[in-house]
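Worksheet for the structure shown next.
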Amino acid sequence: MRITLRGGRVIDPANGLDAVTDLHIAAGRIAGLGAAPAGYVAERTVTAVGRIVCPGLIDLCARLREPGAEHKATIASETHAAAANGITTLVMPPDTDPVIDETAVVESIRRRAQAAGFARVLVLGALTRGLGGEVLAEMAALKEAGCVGVGNAGVPVPNSMVMKRAMEYAASHGLTVFLTPVDPWLAAGGQAHDGQVAARLGLAGIPVAAETAAVGRELALVEETGARAHFGRLSSARAVAMIARARDRGLPVSCDVAAHQLHLTEVDLGRFDADAHVLPPLRTARDRDALRRGVAAGVIEAVCSDHQPHEPDAKLVPFGDTEPGLSALDTLLGLMLKLVDEGVLDLPGAIERVTAGPARLLGIEAGTLAVGAPADVCVFAPEAHRTLDARTLASRGHNTPFLGWELRGVVTLTLLDGRPVYQREV
């Protein structure tokens, strides 16, 4: 289908474009900007005046709960939620059931995502078999099956020699190792940041050292092996500083942060708000502000949702027994725009952290509106506001501490390979 988006503010950070112009799409790809290409006749014209037209958002970490936890959500339900929020590409960690350590699991996920048709789903293969931390997974076969990287999700690999060999294996096949830095002994049994709030509530604390000790070990192994490593969902000022110093020394490392860590702190636990029970935990205001500075400076190259939808019962038991994680597809765009409103980023910078930045880290052809690129496009009304309400969340998971928040930015059209997968009027 040939579609023209007329008169929108087109923002493509990958190419430094920020202009009111027309965008032309044909055969699933960007056909032109400004004047239509020779011989081009649109089959459909969409007025985008007053709208932002940008690349479809890319989410580096989203658990879709399928296979293995379909009572929480499914690939179909969550990719539909992604499309409703302008997200066209999602990356699934390997901690599904069964674990993504076999090519058959990769293929099954791909088939389910294609059948749903709402968003592109990429997967990370397991670093170790069954995420057990002992036997290396068949990374070469997983790469051949289409995995964009390997990792152990949030499950630590305690044995440093196993991690060293895993990095060597990944490096030999050009695979990025996706790391969630946590020391299993320092974090064991922890439920919240090890600080005054946890002490007041009587919750077991997780110290910042649980993150930084793991970051230190992995950086040492990166230097030893030459593996390319990405640190996901950082939560502390010290970890950001460590990554910044490592990059200055030329180590091939990158990092991201979950959007909620840029807005919430340990104080938001309130009186045992289970929806604010996340791992890594919400930390201090100083940590949050350092994460914001890291995003603004480009040390943190991407912001993800860290989407983890749950059924209601998972959050209705005493705080320490609740399942950690929040539902976050519905808030990713709005929280990025809130960073713009608060002066942390300008609008192109905010869009870059959820489009071109993640695409660059993944090494995929996405996150841009350059001529010839896949036509994954998000159109949103930047001045439209919405109050988050459980009844109107697109995700099946309603476990979010942002209920009742007013966020701006309402998606009106999402295109995947030039095909409309979501539309609404504002």
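The values are calculated or read from the model by the stated rules, or taken from the named source; none is laboratory data. Note that this is a predicted model, so its numbers are computed, not measured. Note: ideal-geometry Cβ built from the backbone for every residue, glycine included; neighbour counts use all protein chains shown. In case anyone asks, the SASA skips ligands and DNA or RNA and just uses the protein heavy atoms, side chains included. Shrake-Rupley method; radii C 1.70, N 1.55, O 1.52, S 1.80 Å.
With charges set only on the Cβ (+1 for Lys and Arg, -1 for Asp and Glu), what does the dipole of the range 157-260 come to about its Cα centre, in debye to the nearest 20?
Numbers: 10 positive and 9 negative charges, 17 e Å.
Computed about the Cα centre, the dipole is about 80 debye.
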Problem set entry | Top positive-direction residue, dipole computed over the chain with Cβ charges, set Ala42, Leu131, Gln196 | Ala42
Exercise. How high is the FRET efficiency from Asp268 to Ala38, r the C-beta distance, R0 45 Å, rounded to 0.05?
Worked result: 0.25
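In whole percent, and with a 1.4 Å probe on the protein chains, what portion of the accessible area of the range 274-346 is carbon and sulfur? Working shown, then result.
Values: 1220 of 2430 Å².
Here it works out to 50 percent.
Quick check on the chain: of the DSSP beta bridges with both residues there, what percent are antiparallel, nearest 5%? Display every interim value, and only then the final one.
Details: 30 of 60 bridges.
Taking every DSSP beta bridge within the chain, about 50 percent pair in antiparallel fashion.
Using the heavy atoms of the protein chains alone and a 1.4 angstrom probe, what is the accessible area of the range 345-426 per residue in square angstrom? Walk me through the intermediate numbers first.
Working: 3210 Å² over 82 residues.
That works out to 39 Å² for each residue.
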For this session: Go through the range 270-279 residue by residue and turn each phi into a ³J(HN,Hα) via Karplus (6.51, -1.76, 1.60, θ = phi - 60°); whole Hz please, and just put x for glycine and proline.
Result: x, 9, 6, 6, 5, 5, 9, 7, 9, 10
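How much of the DSSP beta bridge set in the range 1-143 is antiparallel, as a percent to the nearest 5?
Percent antiparallel among DSSP bridges in the range 1-143 is about 50.
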Problem set entry | Entry for mean projected area of the Cα convex hull in nm² (calculated from the structure that is shown) out of [x] 22.7; [y] 19.0; [z] 27.3 | [y]
For this session: Under 19 Å from a label point 7 Å along Cα→Cβ of Arg293: give me every residue in the range 189-210 with its amide N that close.
Result: 208-209
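Taking the mean number of other Cβ atoms within 10 Å as a proxy for protection, how do you rank 382-392, 344-354 from highest to lowest? Provide the component values of the computation, followed by the final result.
Values: 382-392: 12.1, 344-354: 21.6.
Output ranking for 382-392, 344-354: 344-354, 382-392.
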Exercise. Name the chymotrypsin sites (Phe, Trp or Tyr not before Pro) in the range 153-206 that are in a loop by DSSP and that have at most 15 other C-beta atoms within 10 Å, would you?
Worked result: none
Exercise. Length gain on complete extension for the stretch Arg6 to Ala140, per 0.36 nm per residue less the alpha carbon to alpha carbon distance?
Worked result: 43.7 nm
For this session: Quickly work out the Arg200-to-Asp346 label distance, labels modelled 7 Å from Cα along the C-beta direction, and quote it in nm with one decimal.
Result: 4.0 nm
Problem set entry | Contact order relative to length of the range 50-96, as percent, for alpha carbon pairs under 8 angstrom and 6 or more apart | 51 percent
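Let me check against my output: what whole-number percent is the relative contact order of the chain, with C-alpha pairs under 8 Å and at least 6 apart? Intermediate results must be reported in sequence, preceding the final value.
On the way: 1038 pairs, mean separation 83.0, N = 426.
So the answer I get is 19 percent.
Subtracting the Cα-Cα distance from 0.36 nm times the residue separation, let me have the gained length for Glu323 to Ala209 in nm, one decimal. Intermediate values should be presented prior to the final figure.
On the way: separation 114, 0.36 × 114 = 41.04 nm, distance 2.26 nm.
Full extension from Glu323 to Ala209 adds 38.8 nm.
How big is the charge dipole of the chain about its Cα centre, in debye rounded to the nearest 20, if each Lys and Arg gets +1 on its Cβ and each Asp and Glu gets -1 on its Cβ? Each step should come with its number before you reach the end.
Details: 41 positive and 49 negative charges, 130 e Å.
That gives a dipole near 620 debye.
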Exercise. If the cut-off is a Cα-Cα distance under 14 Å, which aspartates and glutamates reach Lys143, setting aside same-chain residues fewer than 8 apart in sequence?
Worked result: Asp101, Glu102, Glu107
For this session: Taking amide H positions as placed in the peptide plane 1.01 Å from N, state which residues far from Gly133 in sequence (5 or more) or on other chains have amide H under 5 Å from it.
Result: Thr128
Problem set entry | lysines with Cα under 29 Å of Lys315, excluding same-chain neighbours fewer than 8 positions away | Lys72, Lys338
For this session: Please give, to one decimal in nm, the separation of the simple spin-label points placed at Asp313 and Thr47, each 7 Å out from Cα toward the Cβ.
Result: 5.0 nm
Exercise. Roughly how tilted is helix 285-297, in degrees to the nearest 10 and between 0 and 90, from the longest Cα axis of the chain?
Worked result: 50 degrees
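State in Å² the accessible area per residue of the range 19-81; use a 1.4 Å probe, count heavy atoms of protein chains only, and round to the nearest integer. Intermediate values should be presented prior to the final figure.
Details: 2310 Å² over 63 residues.
Dividing the accessible area of the range 19-81 by its residue count gives 37 Å².
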